[in-house]
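Quick notes on the structure that follows.
What follows is calculated from the coordinates using simple rules that are stated; it is not laboratory data. Note that the coordinates shown come from a computational prediction; the quantities given were computed from them, not determined experimentally. We place every Cβ from the backbone using ideal geometry, glycine too, and count neighbours over all the protein chains shown.
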Amino acid sequence: MPKRLTVYQYSSCDTCRKAVKTLQAQGHELELIHIKETPPSVETLRKLVADSGLPIGKWFNTAGDVYRSLGLKDRMAGLTEDEKLELLAGNGMLIKRPVVTDGVQVTVGYREEELKRAYDD
């Protein structure tokens, strides 16, 4: 059954475009949020991370330029969860994308089968 999903995405990202196409093909209604212009707040991220069941480190776009330019590879172990949330909320390009949620489940990144399974009741 189609759902209303919130998708934090970056329109220039091939992975995000594939995810949007997959979700639209399933008939879902999508609220697309530009992750660079409107990154989720610390409070929103705290809930999304908890709902995803993933450790916060999995939320970072480790292949991105911003991650590398900030030297986060060497700094992550010394940061608190709150500091990590502040970094993610402060720069949407640090967030692995797309982030998709129906308000209960949250997926991070794009794996077609996982997306289909997560939001297809």
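For the chain, what is the calculated [θ] at 222 nm in deg cm²/dmol (nearest 500), taking -39500 (n - 2.57) for each run of four or more DSSP H residues and dividing by its residue count?
It comes out at -11500 deg cm²/dmol, rounded to the nearest 500.
Please arrange Ser52, Ser11 by how many other C-beta atoms lie within 10 Å of their C-beta, fewest to most.
The most exposed by this proxy come first: Ser11, Ser52.
Relative to the first principal axis of the alpha-carbon coordinates of the chain, what is the inclination of helix 14-25, with its axis defined by its Cα atoms, in degrees from 0 to 90 and to the nearest 10?
The answer is roughly 30 degrees.
Starting from the Cα of Gln105, step 7 Å along the direction of its Cβ; do the same at Arg68; then give the gap between the two resulting points in nm.
Between Gln105 and Arg68, the label points sit 3.4 nm apart.
Report the Rg/Rh value for segment 1-112, based on alpha-carbon coordinates and the Kirkwood definition of Rh.
Computed over Cα atoms, the ratio is 0.96.
Among Gly78, Gly109, Gly90, determine the one that fluctuates most according to a GNM of the chain built with springs between C-alpha atoms less than 10 Å apart.
Gly78
How large is the dipole of the chain about the Cα centre if only Lys and Arg carry +1 and Asp and Glu carry -1, each at its Cβ, rounded to the nearest 20 debye?
Here the size comes out at about 300 debye.
Could you tell me how many degrees, from 0 to 90 and to the nearest 10, lie between the Cα long axis of helix 81-90 and the main elongation axis, the longest principal axis, of the Cα atoms of the chain?
Once rounded, one gets 70 degrees.
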